[in-house]
Structures are given as C-alpha cells and as structure tokens.
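Reviewing the structure listed below.
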C-alpha cells in the first residue's frame with residue numbers, strides 16, 4: 001500500500017512538472033506573438049507616418065509649383081501689358097509725327113528760294129545748270145523759278161529733322177520715323193518713302209545691305 005502511494009505521488013509530481021513546462025512554453029509563445037504583433041503594429045505605424053510625410057511633401061511641391069506658375073503668368077501679363085502700352089504710345093507718337101512731319105535736310109526744305117539756301121549753306125562750291133553742290137557734297141536742284149526742287153546727300157554730314165543720316169541703320173527708320181508710306185525694293189536693299197504733313201513733299205531713304213546710303217528730299 002505504501003509502495004503504491006509513493007508511486008502515485010511520484011507520478012503526480014512528474015505530471016505537475018510536465019504541466020509547468022507546458023505552461024512556460026505557452027507563456028513564451030504568447031509573449032513572442034505579442035512582441036511580433038507589437039513590432040508589426042509599430043512597422044505599420046511608421047509606414048503610415050512615412051506615407052503621410054511623403055504626401056505632405058508632395059502637396060507642398062504641388063503648391064509651390066502652382067505658386068511659381070501663377071507668379072510666372074503674372075509676370076507674363078505684366079510684360080504683355082507693358083509691351084502693348086509701349087506699342088500704343090509708339091503708334092500715337094508716330095501718328096503725331098506723320099501729321100506734323102517736316103521734310104528737310106540740313107535745315108533746307110523743298111520749295112524755298114536759292115537765297116534762303118545760300119543764307120544757310122553759303123555759296124555753292126559747284127554749279128551745273130539748275131544743280132548746286134555745297135560744302136560736304138550736299139546737292140540742291142532748283143526748278144525754273146529758282147525754288148528748291150530736291151536736296152540730296154550720300155555723306156553723313158547732314159540730318160533730317162528726325163535725326164536720320166547716311167550711315168545709320170536701315171532698321172532704325174521705323175523707330176525714328178515710324179512706318180514708311182511706301183517701300184520699293186532695289187538691288188541689295190530698299191527705298192523708304194515718307195510724306196510731309198502737308199503732303200506736298202517727300203523724303204526718300206535709300207538703304208543697301210542694312211545701311212542708309214542716300215537721303216533725298218523733294219517736292220511731289
């Protein structure tokens with residue numbers, strides 16, 4: 001009887017030890033699962049945080065780009081407005097210039113008398129019929145009434161009222177004189193014709209290879 005009881009006690013003790021080990025293993029498994037779950041949750045939280053930060057950065061980039069585009073459009077609008085204003089101003093100035101344009105070269109206008117010419121230029125250096133050549137080669141042609149029919153030059157010593165002269169750029173004509181009333185093509189260039197305000201005389205700028213080579217003022 002005692003021997004049997006001892007065996008039962010030993011069996012109970014072994015069973016108790018076995019159950020304890022199983023409980024410890026189960027506890028370890030549970031703890032490991034909790035740690036894995038916590039790590040997974042932490043990784044997920046970090047991933048969500050990174051995604052949110054990325055979206056915020058993308059939103060900032062979009063906002064900055066939109067602001068840059070808006071600023072660029074504003075600058076373009078300002079530039080366009082300034083260009084249009086300058087063009088309108090130029091058109092007005094050109095219109096006023098055409099309305100009151102005086103055709104003259106070195107202060108000599110078509111239609112004035114030979115005496116008036118000589119009072120400004122002095123005596124002619126050369127006379128051939130109705131044509132007189134003055135200092136620096138300014139040529140003046142008179143009509144039968146001794147009135148100036150035309151004045152011309154091929155040197156840079158004389159200017160029109162607009163400040164144009166032989167040797168100036170062909171492309172500056174539009175800036176100083178406005179659009180020409182007519183343009184005729186010639187070899188290596190063109191002739192630009194402008195009417196006086198009273199439509200009684202004209203000035204012609206002959207240009208070759210981009211340079212004004214001759215200026216002629218004459219009665220129409």
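The values are calculated or read from the model by the stated rules, or taken from the named source; none is laboratory data. These figures come from a predicted structure and were not determined experimentally. Cβ placement follows ideal geometry from the backbone for every residue including glycine, while neighbour counts extend to all protein chains displayed.
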Inset, instruction - Answer yes or no as to whether residue 178 is modelled with pLDDT under 95 and surrounded by 18 or more Cβ atoms within 10 Å (Cβ to Cβ). - result: yes
Inset, instruction - Scan the range 186-207 residue by residue and report those that are over 22 Å from residue 106 (Cβ atoms) and in contact with a strand residue (DSSP E or B) (Cβ under 8 Å, 6 or more places away or on another chain). - result: 186, 187, 188, 189, 190
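Checking the condition assigned to a helix (DSSP H, G or I), at pLDDT 80 or above, more than 30 Å from residue 131 (Cβ to Cβ) and not assigned by TED's automatic domain parsing to the domain that holds residue 203, which residue from 51, 25, 61 passes?
Unique residue meeting the criteria: 61.
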Inset, instruction - Name, by its number, the condition in (1) touching a residue at least 40 places away in the same chain (Cβ under 8 Å); (2) closer than 18 Å to residue 201 by Cα that does not hold for residue 139. - result: (1)
